[in-house]
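The structure under discussion appears below in the form of structure tokens.
The values are calculated or read from the model by the stated rules, or taken from the named source; none is laboratory data. Keep in mind that what you see is a predicted model, and the values were worked out from it rather than measured. We place every Cβ from the backbone using ideal geometry, glycine too, and count neighbours over all the protein chains shown. Just the protein is used for accessible areas: all its heavy atoms, side chains included, with ligands, DNA and RNA removed. Shrake-Rupley method; radii C 1.70, N 1.55, O 1.52, S 1.80 Å.
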Amino acid sequence: MGWVLVFAVGVAVGVLINKFRARSESAGKLLSASQDERAEVESNDAEEAFAEIFRDAVNSLSVGVVVAGADGTVIFRNTLALGLTGAVHSDVLVDEAVEVHLSGALARRTGRQVIDLFGPPRKVVAVFSSPLEGGGAVAMIEDITERHLVDTVRTDFVANISHELKTPVGALAVLAEALADEDDLDIVHRLSEKMVDEAIRVGRTIDDLLELSRIEFGGEAVKDPVSVESILQESIERVRSLATSHSIRVVMNTPDADMQAIGDRRQLVSAVSNLVENAVKYSEPDSSVEVSALVDSDWVEMCVQDFGVGIPLRDLDRIFERFYRVDRARSRDTGGTGLGLAIVRHVANNHGGEVSVTSIEGEGSTFVLKIPRFTMKKENP
Ligand code: ADP
């Protein structure tokens, strides 16, 4: 991308410089002009108009452009560059980088520098340069804040995945070693049970990662009418055996049979079952979880309420991040992967909806998934 840009801007700026030269020569010629020469000068007016268009084009670029002549003097800055360089209010780091890169390009050295302007607001820019065919050099300043952010998130994600998978795999290796030296049958049983747990944990993390990437990169969500009652029912069914083993009653307040959401049935069931599973996991035995749905104008709100451990206020903003857990030990004990709520948030986004949570520590939490409602269009009378 960078070099395509260098080339395009280089060509445009080269034309500008040539037109600039041509105009100066024309002005000189006018002073002592014959008729033929005057005609030539008039045709230069058309060229000048053409140069004006090029100048507008370079001004409308989403990169800052600074052009230096062969002696290093800056002869042109486009609108974006004017905001960043060459003035009292310029950013010193960008200004300096442009200067260094312009002189580098004049000496036929090119390079690229990424500068972090901590702000606020934080901004990351790339400065790079290129020599021009007819002499001089061009430096470009590109705002790469968004790309930089995506790269950082991706790098963190890969680091997190490695950590999440390495931990149980490491535990498996240790357990297997201990097992190899063990004669006591009771201990052998206990060790092998632990190995099964760790293996299940790896499997679950991989399943959730696949589900997350399917939802994240699988293209547009299907937009079908889906019965809300059936979404709630299927989600509860998926969590039934976990709830039974925790002695937790999952109660469904059956919504109207004709209540329908617009969306992707598979994704919606995945989201609601994650919410119900969490409600069960983070509740004490013998308590209950309530699942319900209501209509709010053009939206369907699916609610999952528990009376469990609750979530501290300081963590509420972060629980939807991948691998974020309030209590690592508890998440680990309950077989959590730290990806459930990230999946829910993606499903909500894919549907143009949202997920919200209210919670009081020690009293419980309520998660609400808001999805567009399907309504039958009224027939014209
Ligand atoms: P996990 O697999 O660890 O449950 P999630 O992404 O589903 O991961 O949830 C992230 C964290 O949010 C959990 O580790 C837990 O600390 C907290 N959490 C989610 N749901 C609840 C809930 N219903 N009650 C209390 N804490 C919850």
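Residue-by-condition table, conditions (1) more than 8 Å from the ligand (Cβ to nearest atom); (2) under 23 Å from the mean Cα position of the chain (by Cα); (3) on the phi < 0 side of the Ramachandran plot:
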residue	(1), (2), (3)
D306	no, no, yes
V355	yes, yes, yes
E363	yes, no, yes
K370	yes, yes, yes
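Picking from A342, A329, which residue would you name as being farther than 18 Å from N274 by Cα and either in contact with a helix residue (DSSP H, G or I) (Cβ under 9 Å, 6 or more places away or on another chain) or within 16 Å of the ligand (Cβ to nearest atom) (or both)?
Numbers: A342 fails: farther than 18 Å from N274 by Cα.
Selected residue: A329, the only one of A342, A329 that is farther than 18 Å from N274 by Cα and either in contact with a helix residue (DSSP H, G or I) (Cβ under 9 Å, 6 or more places away or on another chain) or within 16 Å of the ligand (Cβ to nearest atom) (or both).
What's the number of the condition S162 fails, among (1) modelled with pLDDT under 90; (2) of a type in the set (S, T, Y); (3) farther than 30 Å from S331 by Cβ?
Unmet for S162, out of (1) modelled with pLDDT under 90; (2) of a type in the set (S, T, Y); (3) farther than 30 Å from S331 by Cβ: (3).
Looking only at segment 89-101, which residues are small (G, A, S) and open to solvent by less than 10 Å² (accessible area, probe 1.4 Å)?
A97
So which pairs qualify, if the first residue must be in segment 318-340 and over 17 Å from R214 (Cα atoms) and free of Cβ contacts under 8 Å to residues at least 40 places away in the same chain, the second must be within 6 Å of the ligand (Cβ to nearest atom) and open to solvent by 60 Å² or more (accessible area, probe 1.4 Å), the Cβ gap must be under 7 Å, and the two must be at least 6 apart or on different chains?
Pairs that qualify, where the first residue is over 17 Å from R214 (Cα atoms) and free of Cβ contacts under 8 Å to residues at least 40 places away in the same chain and the partner is within 6 Å of the ligand (Cβ to nearest atom) and open to solvent by 60 Å² or more (accessible area, probe 1.4 Å), are I319/V326.
Does R322 count as among the basic types (K, R), assigned to a helix (DSSP H, G or I), crowded, with 18+ Cβ neighbours inside 10 Å and within 11 Å of the ligand (Cβ to nearest atom)?
Details: among the basic types (K, R): yes; assigned to a helix (DSSP H, G or I): no; crowded, with 18+ Cβ neighbours inside 10 Å: yes; within 11 Å of the ligand (Cβ to nearest atom): yes.
When the stated conditions are applied, R322 does not pass them.
Can you tell me which of (1) free of Cβ contacts under 8 Å to residues at least 60 places away in the same chain; (2) open to solvent by less than 30 Å² (accessible area, probe 1.4 Å); (3) of a type in the set (A, V, I, L, M); (4) not in a helix (DSSP H, G or I) is the one A293 doesn't meet?
Only one criterion in (1) free of Cβ contacts under 8 Å to residues at least 60 places away in the same chain; (2) open to solvent by less than 30 Å² (accessible area, probe 1.4 Å); (3) of a type in the set (A, V, I, L, M); (4) not in a helix (DSSP H, G or I) is unmet by A293, namely (1).
If only one of L175, L117 is at pLDDT 90 or above and surrounded by 13 or more Cβ atoms within 10 Å (Cβ to Cβ), which one is it?
Every option except L175 fails the conditions.
Could you tell me whether S162 is touching a helix residue (DSSP H, G or I) at 6+ places or on another chain (Cβ under 8 Å) and not assigned by TED's automatic domain parsing to the domain that holds V124?
No; evaluated as a whole, the condition is false for this residue.
Assess whether V280 counts as being open to solvent by 10 Å² or more (accessible area, probe 1.4 Å) and more than 29 Å from the chain's Cα centre (by Cα). Outline the logic, then answer.
Values: open to solvent by 10 Å² or more (accessible area, probe 1.4 Å): no; more than 29 Å from the chain's Cα centre (by Cα): yes.
When the stated conditions are applied, V280 does not pass them.
Listed here are the residues, each with its yes/no results for (1) touching a residue at least 40 places away in the same chain (Cβ under 8 Å); (2) closer than 27 Å to D333 by Cα.
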| residue | (1), (2) |
| --- | --- |
| D186 | no, yes |
| R190 | no, yes |
| V196 | no, yes |
| R201 | yes, yes |
| S213 | no, yes |
| E220 | yes, no |
| I231 | yes, no |
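What's the total number of residues in segment 338-355 that are open to solvent by 50 Å² or more (accessible area, probe 1.4 Å) and within 18 Å of D306 (Cβ to Cβ)?
Going through segment 338-355 one residue at a time, the tally reaches 0.
Have a look at G104, G86, G135 and point out the one that is surrounded by 13 or more Cβ atoms within 10 Å (Cβ to Cβ), at pLDDT 85 or above, assigned to a loop (DSSP other than H, G, I, E, B) and of a type in the set (G, A, S). Please lay out each step first, then the result.
Values: G104 fails: assigned to a loop (DSSP other than H, G, I, E, B); G86 fails: at pLDDT 85 or above.
So the residue among G104, G86, G135 that is surrounded by 13 or more Cβ atoms within 10 Å (Cβ to Cβ), at pLDDT 85 or above, assigned to a loop (DSSP other than H, G, I, E, B) and of a type in the set (G, A, S) is G135.
Quick one: A261 ticks every box in (1) open to solvent by less than 30 Å² (accessible area, probe 1.4 Å); (2) at pLDDT below 95; (3) small (G, A, S) except a single one, so which number is it?
Only one criterion is unmet by A261, namely (2).
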